[in-house]
Amino acid sequence: MAQEDIFKKLVAHCKEYGYIFPSSEIYDGLSAVYDYGQYGVELKNNIKKYWWDSMVLLNENIVGIDSAIFMHPTIWKASGHVDAFNDPLIDNKDSKKRYRADVLIEEQLAKIEDKISKEVEKARLRFGEDFDEKKFRETNQRVLANQTKIDELNARFSKAMNDNDLAGLRQIIIDNEIVCPVSGSRNWTEVRQFNLMFETEMGATSEGASKVYLRPETAQGIFVNFLNVQKTGRMKIPFGIAQIGKAFRNEIVARLFIFRMREFEQMEMQFFVQPGLELDWFRHWKEIRMKWHTSLGFGEENYRFHDHTKLAHYANAATDIEFRFPFGFREVEGIHSRTDFDLKQHQNFSGKKMQYFDPEKGESYIPYVIETSIGVDRMFLQIVSAALQEEELKKDDGTLDSRVVMRLPSSLAPVKLAVMPLVRKDGLPEIAEKIIKNLRFDFNCQYDDKDSIGRRYRRQDAIGTPYCITIDHQTIDDNSVTIRYRDSMEQERVKISQLKDIIAEKVSISGLLKKLQNE
Ligand code: GAP
């Protein structure tokens, strides 16, 4: 199936099964804003818990905060967002559609990369087990020619972005014959800068009101509380402050479902270190964060680092963790070595010292910062796009069947177990209800007695429920039930008294956290 169709199916599935709805749908929706449904919110909460616990529980020197969305407007002047939180936009004169110039170029790069990947896959099929991918990439003429194109385009692109050269960006679009996906024409306007922050007014009257912004990142709430936390928590460097919260960006082109939204949620951690040690810590956090992703079991080959060649003026190293979405490898998380830029700026603009007295060195300094920043919604999209699968099955009589299954990691699944009486009589529903009454303190359980047992299994597969418990007539005799495993579809007979232990071991977030520490 084409990748585009897979993605469309994913969006439809998320809506049909109560994961994600378009916002304000009865009013025809609001562009790039989404609501999470009954299962979506559970998955989202589990993702946040996995992240929070991996930061705050596993690290004695990381604590959390929850700062306000509204902040003093000067904060955004100090951070550089008022002057420089811009995207370069370009319009197509024929379709009247607006695009991000940098995204058009990135998509062009992705297209060339795609050509290389196809060439490699073709060769892999041709040579079978003897295929040496590294050698093939180094010697195949078509691959080499495309790689040269990528390198040249990347170099021009980085230079234009670094120099803030808007005319240069436009020229790249013209020279590479990039067309508008809607009109198919190359009739482009000039490239202009567009600030992404939403503004509103705070105060009762228009005269007395002052302009405030909806925060475009949660990080600044951490920086301005750096000394509050350090002093009240008696934190010693190195230490980190973690935060989860909403962020808002007036994205020019908000596309790809929840990949790029105008209202979204971030999980950010700022780690304060001694100046000079920041690149060691940067490497440390790169490794830790990659492990956090790969521990979910979606295959290491689906992740990669993309080290930045174009660095923001405040950073001395930066990388993205990219995941292979149905629309290609894209950023899920950024890891940035932000130097002392933010704290220094807040010191300058507020007139308050943002220094730390290091008792071991006997001196005061402004710490350097390593930031890890991941979007909750993008992580959500990563998980559902990796988990959702359509499988062909062979029935006992040899005929073919299929099922749609969300292979979510059990510890993140919204519903952990569905409890199903085989029939709605003979006391079976009462036993099911009793089981739920006992287990609901520990797990999110669902009672389901509608339709045939096969259809009920399929419904739970589509939601991603890892375990289905079926109560049948044998249960009345010996207090045993069947537990059916979502992924293997195997069934096992166990005692009701064993259920809690069997399931707890598999669905707890602590299982995932232990993996992080042991690997
Ligand atoms: N404090 C640094 C910062 O905000 P960023 O690279 O702009 O860095 C970090 O954003 C992460 O936030 C991204 O890797 C992505 O996961 C998420 N993110 C950013 N913009 C987003 C948007 N418009 N919609 C959804 N997620 C977004």
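The values are calculated or read from the model by the stated rules, or taken from the named source; none is laboratory data. Values in this document were obtained by computation on a predicted structure and should not be read as measured data. Quick reminder, even Gly has a Cβ in these numbers, built from the backbone with ideal geometry, and neighbours come from all protein chains shown. Accessible surface areas use protein heavy atoms only, side chains included; no ligands, DNA or RNA. Shrake-Rupley method; radii C 1.70, N 1.55, O 1.52, S 1.80 Å.
Looking at the range 352-477, I'd like the Rg to Rh ratio, where Rg is from alpha-carbon atoms and Rh is Kirkwood's inverse mean 1/r.
1.31
Taking +1 at the Cβ of each Lys and Arg and -1 at the Cβ of each Asp and Glu, which of Val11, Leu296, Ile453 sits farthest along the dipole of the chain towards its positive end, judged by Cα position relative to the Cα centre?
Of the options given, the answer is Val11.
Students sometimes get this wrong: rank His293, His72 by accessible area, probe 1.4 Å, all chains present, largest first.
Solvent-accessible surface, decreasing: His72, His293.
How do Asp320, Asp132 stack up against each other in accessible area, from largest to smallest, with a 1.4 angstrom probe?
Asp132, Asp320
Taking 25 Å as R0, compute the FRET efficiency from the Cβ-Cβ separation of Met489 and Lys515 and round it to 0.05.
With R0 = 25 Å, the Cβ-Cβ based efficiency is 0.50.
Could you give the nm distance between label points at Asp163 and Lys310, where each point is 7 Å from its Cα heading toward the beta carbon?
Roughly 1.3 nm, to one decimal.
Expressed as an acute angle from 0 to 90° and rounded to the nearest 10, what is the orientation of the C-alpha long axis of helix 38-52 relative to the principal long axis of the chain?
60 degrees
Under the rule of -39500 (n - 2.57) per DSSP H run of 4 or more residues, summed and divided by the residues of the chain, what mean residue ellipticity at 222 nm is obtained, to the nearest 500 deg cm²/dmol?
That calculation yields -12000 deg cm²/dmol at 222 nm.
Considering the options Val384, Pro326, Phe259, tell which one lies farthest towards the positive end of the dipole of the range 256-410, charges being +1 on Lys and Arg and -1 on Asp and Glu at the Cβ, about the Cα centre.
Phe259
If you take the charge dipole of the range 40-134 about its Cα centre, with +1 on Lys and Arg Cβ and -1 on Asp and Glu Cβ, which of Ser67, Ala101, Ser79 is farthest toward its positive end?
The listed residue farthest towards the positive side: Ala101.
Counting other Cβ atoms within 10 Å, which trypsin sites (Lys or Arg not before Pro) in the range 405-488 have at most 15 and lie in a DSSP loop?
The qualifying sites are Arg424, Lys425, Arg440, Lys450.
What is the percent carbon and sulfur in the accessible area of the range 420-513, measuring with a 1.4 Å probe over the protein chains and ignoring ligands?
That fraction is 48 percent.
Let me check against my output: what whole-number percent is the relative contact order of the range 186-244, with C-alpha pairs under 8 Å and at least 6 apart?
With pairs under 8 Å counted, the relative contact order is 24 percent.
Explain nothing, just the number: relative contact order of the chain, from Cα pairs under 8 Å at least 6 residues apart, as a whole percent.
Relative contact order for the chain comes out at 14 percent.
Can you tell me the convex hull volume per residue for the range 404-472, based on C-alpha atoms, in Å³ to the nearest whole number?
Residue-normalised Cα hull volume stands at 65 Å³.
In the range 203-289, which trypsin sites (Lys or Arg not before Pro) are in a loop and have at most 10 other Cβ atoms within 10 Å, using DSSP for the loop call?
Here the sparse-neighbourhood loop sites are Arg234.
Can you give me the relative contact order of the range 392-519 as a percent, contacts being Cα pairs under 8 Å and 6 or more apart?
26 percent
What is the helix-to-structure angle for 278-294, meaning the angle in degrees between its Cα long axis and the longest Cα principal axis of the chain, kept from 0 to 90 and rounded to the nearest 10?
Roughly 30 degrees between the two axes.
At 1.4 Å probe radius, can you tell me the per residue accessible area of the range 418-519 in Å²?
53 Å²
Provide the per residue accessible area, probe 1.4 Å, for the range 303-377, rounded to a whole number of square angstrom.
43 Å²
Would you mind getting the Kirkwood hydrodynamic radius of the range 211-342 from its Cα pairs, rounded to one decimal in Å?
Hydrodynamic radius (Kirkwood, Cα only) of the range 211-342 equals 16.5 Å.
Can you list the GluC sites (Glu not before Pro) in the range 1-77 that are in a DSSP coil and have 14 or fewer other beta carbons within 10 angstrom?
Here the sparse-neighbourhood loop sites are Glu60.
Given the whole protein assembly as supplied and a 1.4 Å probe, what does the accessible area of His473 come to in Å², nearest 10?
Taking all protein chains as shown, His473 has close to 80 Å².
I'd like the FRET efficiency for Asp94 and Ile69, computed as 1/(1 + (r/R0)^6) with the beta carbon distance as r and R0 of 35 Å, rounded to 0.05.
It comes out at approximately 0.35.
Assigning unit charges at the beta carbon (Lys, Arg +1; Asp, Glu -1) and nothing else, what dipole magnitude in debye, to the nearest 20, does the range 336-380 show about its Cα centre?
Result for the range 336-380 is approximately 160 debye, rounded to the nearest 20.
Assuming a viscosity of 1.306 mPa s and a temperature of 10 °C, what translational diffusion coefficient in µm² per second does Stokes-Einstein assign to the chain, Rh being the Kirkwood radius over Cα pairs?
61 µm²/s
Assigning unit charges at the beta carbon (Lys, Arg +1; Asp, Glu -1) and nothing else, what dipole magnitude in debye, to the nearest 20, does the range 381-500 show about its Cα centre?
Dipole about the Cα centre, nearest 20: 380 debye.
If you take the alpha carbon radius of gyration of the range 1-152 and divide it by 2.2 N^0.38 Å, what ratio comes out, to two decimals?
Expressed relative to 2.2 N^0.38 Å, the Cα Rg reads 1.55.
Rank-order 113-122, 322-331 by packing density, defined as the average count of other C-beta atoms within 10 Å over each peptide's residues, highest first.
Highest mean packing first, the order is 322-331, 113-122.
Check cross-link reach from Lys236 to the aspartates and glutamates: straight Cα distance under 14 Å, and skip same-chain residues fewer than eight apart.
Correct list for Lys236: Glu60, Asp358, Glu360, Glu363.
Kindly provide log₁₀ I(q)/I(0) values, in the same order as q = 0.21 Å⁻¹, from the Debye equation applied to equal alpha-carbon scatterers of the range 93-226.
Log10 I(q)/I(0), no solvent term: -1.17.
For Leu57 and Ser364, FRET efficiency with R0 = 35 Å and r from the beta-carbon atoms, rounded to 0.05?
0.65
May I ask for the angle, rounded to the nearest 10°, between helix 428-439 and the longest principal axis of the chain, with both axes built from Cα atoms and the value confined to 0 to 90°?
Value to nearest ten degrees: 40.
Keeping the other protein chains in place, figure out the carbon and sulfur percent of the accessible area of the range 230-286, with a 1.4 Å probe.
48 percent
Using only the heavy atoms of the protein chains and a 1.4 Å probe, how would Val182, Val273, Val423 rank by accessible area, largest first?
Sorted by accessible area, descending: Val182, Val423, Val273.
Given the protein chains as shown and a 1.4 Å probe, how many square angstrom of Val229 are accessible, to the nearest 10?
Taking all protein chains as shown, Val229 has close to 20 Å².
Hey, got the dipole for the chain? About the Cα centre, +1 on K and R Cβ, -1 on D and E Cβ, debye to the nearest 20?
400 debye
Determine Rg/Rh for the range 430-519; Rg is computed over alpha-carbon atoms and Rh is the Kirkwood hydrodynamic estimate from the same atoms.
Ratio value, two decimals: 0.99.
Considering only DSSP beta bridges whose two residues both sit in the chain, what percent are antiparallel, to the nearest 5?
Percentage antiparallel, nearest 5: 85.
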